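Data first, discussion second: the structure below is written as structure tokens.
The values are calculated or read from the model by the stated rules, or taken from the named source; none is laboratory data. A quick note: this is a predicted structure, and the numbers were derived from the prediction, not measured. Neighbour counts are summed over all protein chains in view; Cβ atoms, including those assigned to glycine, are modelled from backbone coordinates with ideal geometry. Areas reflect the complete protein model, heavy atoms only, side chains present, ligands, DNA and RNA absent. Shrake-Rupley method; radii C 1.70, N 1.55, O 1.52, S 1.80 Å.
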Amino acid sequence: MSALQTELRGEIIAVSRTLDEAGLMPNKSGNVSCRSPGGFLITPSGVPYRQLEPAEIVELQAEGAPRAGGLRPSSEWRLHAAIYAERPEVSAIVHTHSPRATALSCAGLGIPAFHYMIALAGGAIRCMPYATFGTDELAANAVRGLEGRRATLLANHGVVAVGASLREAHAVAFEVENLAMQFLELRAAGLEPMVLSDVELAKVIDKFTDYGRIDRA
Ligand SMILES: [Zn+2]
């Protein structure tokens, strides 16, 4: 295993564990991947995140074929492959069933641009129609939901967050859950959010771009 491979596998495990410990990946749900030379690395199916070893991270070719033996990749590998194929600037993907964002998805609700931090996701977050897990249909829905965005909800399922690095995808996934919590609080209180205009949102997106790294925002 090359030094780069070892580093990327370690980063995937670190991100998965942080998300798991924060309660964003309940009951072994979700998956994490990043590009590697010629393909991508992804968490395996069915291994608890706290037990993950670098050798258990699965390497797939860009179109999804496994490199060699080893564990089965996450059942959502098609979703990851489809996003990497469509989005050259995306280097890492985090998929979660984080509780609050997933609750919104189960009502078919996206997240409006009611707080400036939604600029991390590139604007209001869509909720895409339901499709069976692991299917090409779900993968295509995710790609459409991510058009011009770094995050989307998938109805009755969960969240997809992407970034130019694992750190970015991780930061977006956490912020989506935070925004979902705030939006649910507003709704629970019977309040209507004041939605930010596209002009105001564009200013924040510019400022975040100036930082150079969205996870420092
Ligand atoms: Zn899932």
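Checked against the criterion of being assigned to a helix (DSSP H, G or I), touching a residue at least 24 places away in the same chain (Cβ under 8 Å), aliphatic (A, V, I, L, M) and within 16 Å of the ligand (Cβ to nearest atom), the candidates 171, 161, 180 yield just one match: 180.
Does residue 11 qualify as being in a helix (DSSP H, G or I), of a type in the set (D, E, K, R), under 18 Å from the mean Cα position of the chain (by Cα) and at pLDDT 95 or above? In short, yes. Looking across the stretch 183-196, the residues that are open to solvent by less than 70 Å² (accessible area, probe 1.4 Å), farther than 18 Å from residue 120 by Cβ and part of a helix (DSSP H, G or I) come down to 184, 186. Among the residues of the stretch 1-38, what is the count of those that are open to solvent by 50 Å² or more (accessible area, probe 1.4 Å), polar (S, T, N, Q) and away from the ligand (no atom under 16 Å from the Cβ)? Summing the residues that are open to solvent by 50 Å² or more (accessible area, probe 1.4 Å), polar (S, T, N, Q) and away from the ligand (no atom under 16 Å from the Cβ) in the stretch 1-38 gives 3.
Listed here are the residues, each with its yes/no results for (1) more than 24 Å from residue 94 (Cα to Cα); (2) among the polar types (S, T, N, Q); (3) touching a residue at least 12 places away in the same chain (Cβ under 8 Å).
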| position | (1), (2), (3) |
| --- | --- |
| 156 | no, yes, yes |
| 191 | yes, no, no |
| 196 | yes, no, yes |
| 202 | yes, no, no |
| 205 | no, no, yes |
